[in-house]
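**Q** Take a look at this one; I'll ask things after.
FYI, it's all coordinate maths here, none of it is from the lab. Predicted model, so just to flag it, every value in this text is computed and none were measured. Don't worry about glycine lacking a Cβ; one is built from the backbone with ideal geometry, like all the others, and counts go over all protein chains shown.
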Amino acid sequence: MICTTVRNGSDCPFMTKSGCSYEGGVCKPIIEKCEGCGRVGEFASEKYCTSAPDPDARWKNGNCNLATHVKNVIEEKKQKINPIKASKRGGR
């Protein structure tokens with residue numbers, strides 16, 4: 001449904017016929033870590049996340065999984081190779 005509270009005019013999954021169903025009845029503004037994200041929109045001179053009603057809760061356990069400005073670096077573990085087995089494989 002279309003939001004009629006904070007993000008007026010945008011589509012919101014928390015809007016119902018009786019109003020906003022999110023706790024407190026309104027979305028919360030973005031936090032400092034959200035600056036630079038592609039999902040931030042400015043509504044009524046305040047910046048809000050277009051995907052999450054409470055951005056602070058998304059950042060509690062590390063990085064936000066919806067953040068477009070954060071690059072997740074996955075380190076590959078180098079597997080230790082037994083030199084004796086490696087020499088036997090190389091001789092084939």
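**Q** Between residue 8 and residue 68, what is 0.36 nm times their sequence separation minus the Cα-Cα distance? Round to one decimal in nm.
**A** 19.3 nm
**Q** On to the next question. No partner Cβ under 4.7 angstrom, meaning no disulfide-compatible partner by this rule: which Cys of the chain qualify?
**A** Cys with no partner Cβ under 4.7 Å: 20, 27, 34, 37, 49, 64.
**Q** I would also like to ask the following. Work out the charge dipole of the stretch 15-90 with +1 on the Cβ of Lys and Arg and -1 on the Cβ of Asp and Glu about the Cα centre, then indicate which of 83, 26, 37 is farthest towards its positive end.
**A** Ranked along the dipole, the leading option is 83.
**Q** How do 38-48, 77-87 rank on mean C-beta neighbours within 10 Å, highest first?
**A** The densest-packed peptide leads the list: 38-48, 77-87.
**Q** Please list log₁₀ I(q)/I(0) at q = 0.11, 0.12, 0.17, 0.20 Å⁻¹ for the chain, using the Debye equation with identical point scatterers on the alpha-carbon positions.
**A** Log10 I(q)/I(0), no solvent term: -0.45, -0.49, -0.77, -0.96.
**Q** Relative to the Cα centre, what is the charge dipole magnitude of the chain, using +1 at the beta carbon of each Lys and Arg, -1 at the beta carbon of each Asp and Glu, and rounding to the nearest 20 debye?
**A** Computed charge dipole of the chain: roughly 1220 debye.
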